[in-house]
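See below for the structure under consideration.
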Amino acid sequence: AHSRPRILQYGKMPLPQLDTELAQIYDVHLLSEQADPQQFLAEQGAQFEYLVTSAAMGVPAWVVDALPRLRFVSSFGVGFDALNKEALLRRGVRVGYTPGVLDDCVADMALALLLDAARGLSAADRFVRQGHWSQQRFGLQSRVSGKRLGILGMGRIGSTVARRASGFDMPVAYHNRRPLADSPYLYQPSLLELARWADFLVITATGGDGTHHLVNAEVLDALGPRGFLINVARGNVLDEAALVSALQEGRIAGAGLDVFEHEPYPLPALLALDNVVLAPHIASGTLETRRAMADLTLRNLEQFMATGAPVAEVPWSAAQ
Ligand code: 8YV
C-alpha cells in the first residue's frame, strides 16, 4: 500500500463510484476536503505528480503553480476550457481527457432539448399537472420534422447530432472556422448566414476564449422569431443576457439549454420564461456514459504512469 502512487483529486467526481475506485487504487488526497486547500498545497504540493479533475471543475493556475512536480492531469470530460492551458503548457504538464465516449448521450440530449423546446413538452407537462387542461387549450407548437438544422461546431458531437437529424428528415448545415474536408453537410462560412438559414441552431462548439459570446444578439436575430436555439456545449459560447431579451421580446421562438454562463446559476429571468427548457448540465449524465468516462479517466492515468502518454490527450491546438 505504501507504493501506491499519490494523487491529488481536485474535487468529487461526476460519478461517485469513481471516487471510491480512485481511492482503492491510489493514495488519494481530496483537495476540496482540506480545511484550507491553499495551506494544504503550500505544505504538500510538492508531493504530487498526478492530478485528477473534471471538465466542469477544471484546474486553475494557482493550483498548477502550487504543484511543482506535477506531470499529468487526468480530466473527466471532453471540454478543456476550464483547464488552465497557459499554466499547464508552460510547465509541460500532459493532460488526458475523455473524448468520444459521450458523443451519443450529448447528442441525444441536444435532440431531447430541441424536441422539447419546439413541441413544448416541459410546458405541456406543467400545463397538465397544474390542471389547466379542462379550462384552456394548449398553444400550437412548431413542427420539427423536415426543418433546417444548423450546427455550430461540427465535431464529434455535432456530427452525431447531424446523424440523428436525418431520422427527422432535417437538412443539415454547419459553421466551423474552416470547412471539413469530407462532410456531407452544407458549410456556411459565416455564423450569421447559418443562423439565417436555420430553423434550429444547435451549439456543439468547443468552449474557451475563441468562442466566447459567438452567439450574440445579432445571431439570435438572424435565427429569427420562428427559430430555436439549443446549447449543449458551454454556457459562454452564448450571450445568455442577449438570449433572455430575445426570448422575452419574441425575437426567437424558444430555447433549450443544458449549460449556462455561471453554473449552477442560470440567469433568474430564464426561470420565468415558458419558452425555454432548462437542464442542469446533464447531457453526459447517463450511468452508461459516466461509467465510460470514468474508465477512460482511469485508463489515461494508468497508461501515463506506464508509458508517459495517456490514451487520449488534450489537443490544445484545437482550442479556439
Ligand atoms: C460533464 C462536460 O458533465 O465533458 C464535458 O466537457 O462538460 C460534461 O460531460 C462534466 O465533465 C462533468 O464534470
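Being acidic (Asp, Glu), within 16 Å of the ligand (Cβ to nearest atom) and modelled with pLDDT of 95 or more narrows it down to one of Asp27, Asp108, Asp36, so name that one.
From the options Asp27, Asp108, Asp36, the qualifying one is Asp108.
Applying the selection to the range 120-143, what residues are over 20 Å from Ala253 (Cβ atoms) and either in contact with a Phe, Trp or Tyr (Cβ under 6 Å, 6 or more places away or on another chain) or not polar (S, T, N, Q) (or both)?
Val128, Arg129, Gly131, His132, Trp133
Quick check on my filter: what residues within the range 93-141 are among the aromatic types (Phe, Trp, Tyr) and out of contact with any helix residue (DSSP H, G or I) (no Cβ under 7 Å at 6 or more places or on another chain)?
Residues satisfying the conditions are Tyr97, Phe127.
Of the residues Asp221, Asp199, Asp209, Asp239, which single one is assigned by TED's automatic domain parsing to the domain that holds Ala118 and closer than 16 Å to Leu267 by Cα?
Asp239
Would you pick out the residues in the range 1-24 that are touching a helix residue (DSSP H, G or I) at 6+ places or on another chain (Cβ under 8 Å) and within 16 Å of the ligand (Cβ to nearest atom)?
Gln9, Tyr10, Gly11, Lys12, Met13, Pro14, Leu15, Gln17, Leu18, Leu22
Residue-wise test of (1) in contact with a Lys or Arg (Cβ under 8 Å, 6 or more places away or on another chain); (2) assigned to a helix (DSSP H, G or I).
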| site | (1), (2) |
| --- | --- |
| Ala118 | yes, yes |
| Arg126 | no, yes |
| Ser134 | no, no |
| Gly139 | no, no |
| Arg143 | no, no |
| Ile151 | no, no |
| Ser159 | no, yes |
| Ala162 | no, yes |
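Exactly one condition in (1) more than 28 Å from Pro315 (Cα to Cα); (2) touching a helix residue (DSSP H, G or I) at 6+ places or on another chain (Cβ under 6 Å); (3) not basic (Lys, Arg) is false for Thr211; which is it?
Among (1) more than 28 Å from Pro315 (Cα to Cα); (2) touching a helix residue (DSSP H, G or I) at 6+ places or on another chain (Cβ under 6 Å); (3) not basic (Lys, Arg), Thr211 violates only (1).
Considering only residues that are away from the ligand (no atom under 12 Å from the Cβ) and among the acidic types (Asp, Glu), look in the range 261-290 and name the one that is surrounded by the most Cβ atoms within 10 Å (Cβ to Cβ).
So the residue we want is Glu261.
Going through the range 89-116 one residue at a time, which ones are small (Gly, Ala, Ser) and in a loop (DSSP other than H, G, I, E, B)?
Within the range 89-116, Gly92, Gly100 meet the criteria.
The values are calculated or read from the model by the stated rules, or taken from the named source; none is laboratory data. Everything quoted here is computed from the prediction, not taken from an experiment. Glycine also receives a Cβ, built like all others from the backbone with ideal geometry; neighbour counts cover every protein chain displayed.
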